[in-house]
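Below you'll find the structure, written out as structure tokens, and then a few comments.
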């Protein structure tokens, strides 16, 4: 019996669209948006160390500068403007969370750096709608590492058979399923409603 729904935040409840942001920097950087993404967001330093809280924003910036692949002025612009530019609430998904909360426990499990987490807390108060939140930067783990899924289950006393996990990243969905949690890859609020219904959860 399903008792809890675990949501990702970025890309599900908060729009997280770096490609559109990076496209505006193609001319300034002399690189395509895909190249810029690969050399910033997709680096181990950003994806893992920064999101685990093991690097500060300034330390990440210095590491990327030393690599010398992306112009310093472009890196500085990204760091100074990324949150304001790309992080926006998804009202339709937030409405789904609020409706589900009437009958289920709802939790958030997010890969996020400390600065972005603080920005989201102050700007949108989105974490407040959940019954509990686990942020990668606070626990030193990231999805799809199995330990972070096990941690949220243990922290809130949940059994794998009692949960559904929702994430827009297939790798993270696969990680949850390897732990035994039924999972849905998020594509849109309407698709999410359909897929939840297939698992016996009606919004």
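The values are calculated or read from the model by the stated rules, or taken from the named source; none is laboratory data. This structure is a prediction, so every number in the text was calculated from the model and none was measured. For neighbour counting, all protein chains shown are included, and Cβ atoms are generated from backbone atoms with ideal geometry for every residue, glycine included.
The single condition among (1) farther than 20 Å from residue 142 by Cβ; (2) in contact with a helix residue (DSSP H, G or I) (Cβ under 6 Å, 6 or more places away or on another chain) that residue 60 does not satisfy is (1).
Any residue at all in region 47-55 that is crowded, with 16+ Cβ neighbours inside 10 Å, in a loop (DSSP other than H, G, I, E, B) and without any contact (Cβ under 8 Å) to a residue 12 or more places away in the chain? Yes, region 47-55 contains at least one residue that is crowded, with 16+ Cβ neighbours inside 10 Å, in a loop (DSSP other than H, G, I, E, B) and without any contact (Cβ under 8 Å) to a residue 12 or more places away in the chain. State all residues of region 144-175 that are under 27 Å from residue 46 (Cα atoms), buried (at least 21 other Cβ atoms within 10 Å of the Cβ) and touching a residue at least 60 places away in the same chain (Cβ under 8 Å); if no residue qualifies, say none. If the condition is that a residue be under 27 Å from residue 46 (Cα atoms), buried (at least 21 other Cβ atoms within 10 Å of the Cβ) and touching a residue at least 60 places away in the same chain (Cβ under 8 Å), then 152, 165, 166, 167, 172 are the ones that fit.
Please work out which residue is surrounded by the most Cβ atoms within 10 Å (Cβ to Cβ), limiting yourself to region 179-203 and to residues that are within 19 Å of the chain's Cα centre (by Cα) and in a helix (DSSP H, G or I).
Filtering region 179-203 down to residues within 19 Å of the chain's Cα centre (by Cα) leaves 179, 181-189, 191-192.
The next check asks that each one be in a helix (DSSP H, G or I); those that pass are 179, 189, 191-192.
Numbers: 179: 18, 189: 16, 191: 12, 192: 21.
This residue is 192.
Per-residue answers, yes or no, for (1) modelled with pLDDT of 95 or more; (2) over 13 Å from the mean Cα position of the chain (by Cα):
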position	(1), (2)
87	no, no
102	yes, yes
133	yes, no
146	yes, yes
149	yes, yes
156	yes, yes
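Every residue, every condition in (1) in a helix (DSSP H, G or I); (2) surrounded by 15 or more Cβ atoms within 10 Å (Cβ to Cβ); (3) at pLDDT 95 or above, yes or no:
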| site | (1), (2), (3) |
| --- | --- |
| 74 | yes, yes, yes |
| 84 | yes, no, no |
| 96 | yes, yes, yes |
| 107 | no, yes, yes |
| 121 | yes, no, no |
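Could you check, for region 158-172, whether at least one of its residues is within 20 Å of residue 197 (Cα to Cα) and touching a helix residue (DSSP H, G or I) at 6+ places or on another chain (Cβ under 6 Å)? Yes: one or more hits.
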